[in-house]
Amino acid sequence: AKEMGKNNCQFYAHEMNASLEEKLALMEGLRRAVDENQLRLLYQPKVDLATGRVFGVEALVRWQHPERGMVRPDVFIPLAEESGMIVAIGEWVLREACRQARRWQDAGLPPIGMSVNVSPRQFDDPRLVKRVAAALAEAGLDARWLELEVTESLIMRDVQQAVDKMRELETMNIALSIDDFGTGYSSLAALKSFPISRLKIDKSFVRDLAHSADDQAIARAIISLSHQLQMRVIAEGVETEQQRDFLVQYGCDEMQGYLFSKPVPPEEIEAMLA
Ligand code: C2E
Ligand code: CA
Ligand code: CA
Ligand code: CA
């Protein structure tokens, strides 16, 4: 038994080395990804339930790795956070998303909102506000079309600092939404002092909506909380008509999910809007 235990240990140690190596290799590659033009943005439509119209899109980054093919953001975003590369990657995302929004407007399409994910380290960066302003100026995009999606964990680190930064962004006319709402640790008291225009119900609460009384209760509570605090509320990960119908019934304002569209390249958004 002792022998086996030892083997098991070696087995696990080997596995961990493999994943550490893998991680280091990815981090090394990530360093070149921006400069070598390996990042792409896909855009997922956000639908207003009152009008049925696409009123905005969320920019979602993809890494086209020269050997591995497409690497998912759930794999490389955490690595980028850990290594600090998220600041450079996030800046590229912000600039490209603003340029794309402007391209659609220049093509004569009805203007829509552009939502960009901002990760904790990027939000904490003291240069964030300047960088956002620069990305807008460079693209020639009016700030009212830009929304930043931030997560709860980030805001809770230093509430006062987060509020100050959010107020600065608000003064610039940039909308803020809380992503993955309900999965983090926001205190309701803190939520009250944030200049937030929208809460996003995380897809983990949407997935089993048709069968789970708990998830139904959570979705209804988030919708009602949003409205009480004069915010709009969007659900993500809506895949079925049944999920949509529940959310409509509870008074959810907006939705995003495969039922409407998966994230797509910019040309497909153009076709949808035209
Ligand atoms: P998120 O911000 O919560 O984005 C929602 C994720 O759900 C996206 O995964 C989207 O493709 C996926 N999704 C959309 N509709 C459905 C649906 O109906 N069903 C299911 N099962 N999934 C759906 P994606 O694109 O793989 O991104 C994963 C996460 O990576 C994002 O979660 C976000 O946290 C992060 N991420 C993506 N792009 C960026 C970025 O540019 N910057 C930062 N900081 N993070 C990003
Ligand atoms: Ca998001
Ligand atoms: Ca989410
Ligand atoms: Ca997220």
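Details
- Per residue, the accessible area of the stretch 174-229 comes to 47 Å², computed with a 1.4 Å probe over protein heavy atoms only.
- The three principal axes of the C-alpha atoms in the stretch 115-166 carry coordinate ranges of 33, 19, 16 Å, sorted with the longest axis first.
- Using Cβ point charges alone (K and R +1, D and E -1), the dipole size of the stretch 42-172 about the Cα centre works out to roughly 340 debye.
- The lysine pair tally for the chain, using Cα distances under 30 Å and a gap of 8 or more places or different chains, is 19.
- Looking at the stretch 165-274, the DSSP beta bridges with both ends there are about 0 percent antiparallel.
- Pairwise FRET efficiency - Arg40 versus Leu259, Cβ, R0 = 22 Å, nearest 0.05: 0.40
- Think of it as helices only: each DSSP H run of n ≥ 4 in the chain is worth -39500 (n - 2.57), and spread over all residues that comes to -16500 deg cm²/dmol at 222 nm.
- Couplings 3J(HN,Hα) for the stretch 264-274, derived from phi with the Karplus relation 6.51 cos²θ - 1.76 cosθ + 1.60 (θ = phi - 60°), are 10, x, x, 4, 6, 5, 4, 5, 5, 7, 5 Hz, where x marks Gly and Pro.
- With the largest listed first and rounded to whole Å, the semi-axes of the equivalent ellipsoid of the stretch 54-189 from the Cα gyration tensor are 23, 21, 14.
- The stretch 113-220, dipole about Cα centre (Lys/Arg Cβ +1, Asp/Glu Cβ -1), debye to the nearest 20: 160 debye
- Percent antiparallel among DSSP beta bridges (both partners in the chain, rounded to 5): 40 percent
- Volume in Å³ per residue [convex hull over Cα atoms, computed for the stretch 151-237]: 83 Å³
- Note on the stretch 54-107: with neighbouring protein chains present and a 1.4 Å probe, carbon and sulfur make up 50 percent of its accessible heavy-atom surface.
- Dipole check for the chain: with +1 at the C-beta of Lys and Arg, -1 at the C-beta of Asp and Glu, and the Cα centre as origin, the magnitude is about 340 Debye.
- DSSP-loop trypsin sites (Lys or Arg not before Pro) across the stretch 119-163, with at most 15 other Cβ within 10 angstrom: Arg127
- Extreme residue, positive dipole direction of the chain, given options Val75, Cys252, Ser115 (C-beta unit charges): Ser115
- Two-site label geometry, Leu24 and Asp124: point separation in nm, points 7 Å out along Cα→Cβ: 2.5 nm
- Database remark: amide H of Val264 closer than 5 angstrom to the amide H of Tyr43, Gln44 (H placed geometrically; neighbours at sequence offset of 5 or more, or on other chains; Pro and chain starts carry no H).
- GNM on the chain, alpha-carbon springs under 10 angstrom: the most fluctuating residue among Ala213, Ala101, Ala175 is Ala213.
- Cα extents of the chain along the three principal axes, largest first (Å): 66, 47, 41
- In the context of the full set of protein chains, the stretch 22-154 has a per residue accessible area of 45 Å² (1.4 Å probe).
- Diagonalising the gyration tensor over the Cα atoms of the stretch 72-130 and scaling each eigenvalue by 5 before taking the square root yields semi-axes of 26, 13, 8 Å, largest first.
The values are calculated or read from the model by the stated rules, or taken from the named source; none is laboratory data. These numbers were taken from a predicted model, which means no experiment stands behind them. For neighbour counting, all protein chains shown are included, and Cβ atoms are generated from backbone atoms with ideal geometry for every residue, glycine included. The protein model used for the area step is the full one, side chains on, heavy atoms only, and it has no ligands, DNA or RNA in it. Shrake-Rupley method; radii C 1.70, N 1.55, O 1.52, S 1.80 Å.
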